[in-house]
């Protein structure tokens, strides 16, 4: 039958990371249907918007890691240690989306929710899971940095490694700080005005903005590296990548400082 | 959308599936794909959404008959239960159609089983097994 054939094909054709991304994307279909049926709101948006955002964000993260995995040293991903680590990371991702989806189904919040002993106990565990799943970008960044045979231009290789490492470092700082506060706003919104799609407040400090920029370092820095290797002569490309990585970290720092000062990013 | 709106959508969708199964000798592959996979999947998405949205507010449970009856006092949960019937009955109908085809049972025998499954789920399932056993015995003898 059609179904059994396609599910037999999935794991063989794709890596475990891509398979998880496909699962997250497909699982957002019932979440979208729930959004259509549900009038409950949190902070002015449908209660299902947050699970949908996390499914999308984690799917993009996984597809990106799966793409960069081709530049890992040969044989690394076949090793028992890496596979065990990957299983833990995927387990953490599953735990996060189940926690966030369950909170929506129960009509409550996931992050910052300490309203009962159970929610208060789960929240720090999910923080640990978040750090664990983000650590895969650090592990891949270091492994790609050290790989002598990526087949990439040195500047592009450097940009991928730096982007991955920055994603971990900057996310742990920005998201780690945010998770230890009582909410993602710095200040109290009066009108509730916010940016479309992203949903960041345009009135008060918004800690999700630096978290977003921090986590997308693994896209931003390699993009500069790719353009630099295309346009610039070889001797210029590597310093440009270093400069871009520094500039990216500075940008995140500025956005973080602005949010902490209670000012909106835009 | 209210539970009533969804009910008005779910019934014609199920009916379409049953008509396709009844006419399945015309195109067994497509009938199987639409009535046996696509329509049950669409209903499964709807059911999942209803449960995600309404289960936490529902009273009752699975533990006793009064608990189950209490569940169905919520229009959204009653609708979810109805969609559950529609989806699984259709899935069983598609299984009957496929099994009969594989075992060479004439479609004329299958039609009454489909009607019974459509109206009274397990009665049609039971009928098909009785029919299957009877026809198998005859071919051995």
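Nothing in this text is a laboratory measurement; each read-out follows from the coordinates by a stated rule. These numbers were taken from a predicted model, which means no experiment stands behind them. Cβ placement follows ideal geometry from the backbone for every residue including glycine, while neighbour counts extend to all protein chains displayed.
Summary of computed values
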{"read-out": "Which of A:43, A:78, B:5 has the fewest Cβ neighbours within 10 Å, and the rest in rising order", "value": "A:78, B:5, A:43"}
{"read-out": "Sum of -39500 (n - 2.57) over DSSP H runs of 4+, divided by residues of chain B (222 nm, nearest 500)", "value": "-26000 deg cm²/dmol"}
{"read-out": "Sorted peptide list for B:42-54, A:168-180, criterion being average Cβ within 10 angstrom, highest first", "value": "B:42-54, A:168-180"}
{"read-out": "Value of relative contact order over the stretch A:1-146, rounded to a whole percent, pairs C-alpha under 8 Å and six or more apart", "value": "23 percent"}
{"read-out": "MRE, 222 nm, helices only [DSSP H, n ≥ 4, -39500 (n - 2.57), over chain A, to nearest 500]", "value": "-24000 deg cm²/dmol"}
{"read-out": "Per-residue Cβ neighbour rank within 10 angstrom, fewest leading, B:113, A:92", "value": "A:92, B:113"}
{"read-out": "Two-decimal log10 I(q)/I(0) for the stretch A:119-206, as the Debye equation yields it once each C-alpha is a single scatterer, q = 0.12, 0.16, 0.21, 0.26 Å⁻¹", "value": "-0.56, -0.80, -0.98, -1.15"}
{"read-out": "Kirkwood Rh in Å, taken over all unlike Cα pairs in the stretch A:51-108", "value": "13.0 Å"}
{"read-out": "Neighbour-count order for B:32, B:103, A:96, fewest beta carbons within 10 angstrom listed first", "value": "B:103, A:96, B:32"}
{"read-out": "Pair-distance profile P(r), taking every C-alpha pair of the stretch B:67-141, with 5 angstrom steps and integer %", "value": "3, 16, 22, 18, 13, 9, 7, 6, 4, 1, 0"}
{"read-out": "Descending semi-axes in Å of the protein assembly as shown, equivalent ellipsoid built from Cα gyration tensor", "value": "50, 30, 17"}
{"read-out": "Chain B: most fluctuating residue of B:56, B:74, B:127 per GNM, C-alpha cutoff 10 Å", "value": "B:56"}
{"read-out": "Estimated inter-spin distance, residue A:142 and residue A:84, nm [label 7 Å along Cα→Cβ]", "value": "1.6 nm"}
{"read-out": "Alpha-carbon Debye profile of the stretch A:10-124, log10 I(q)/I(0) at 0.15, 0.18, 0.19 Å⁻¹", "value": "-0.74, -0.95, -1.01"}
{"read-out": "Length-normalised contact order for the stretch B:7-97 - Cα pairs under 8 Å, 6+ apart - percent", "value": "37 percent"}
{"read-out": "Computed over chain A: relative contact order in percent, which uses C-alpha pairs under 8 Å that are six or more apart", "value": "15 percent"}
{"read-out": "Overall Cα dimensions of chain B, principal axis frame, Å, largest first", "value": "57, 32, 18"}
{"read-out": "Per-residue average of Cβ from other chains inside 10 Å of B:34-44", "value": "1"}
{"read-out": "Distance between the stretch B:1-76 and the stretch A:99-125 - C-alpha centres, whole angstrom", "value": "30 Å"}
{"read-out": "q = 0.12, 0.16, 0.23, 0.26 Å⁻¹, the stretch B:1-76: log10 I(q)/I(0) [Debye, one scatterer per Cα]", "value": "-0.47, -0.71, -1.00, -1.12"}
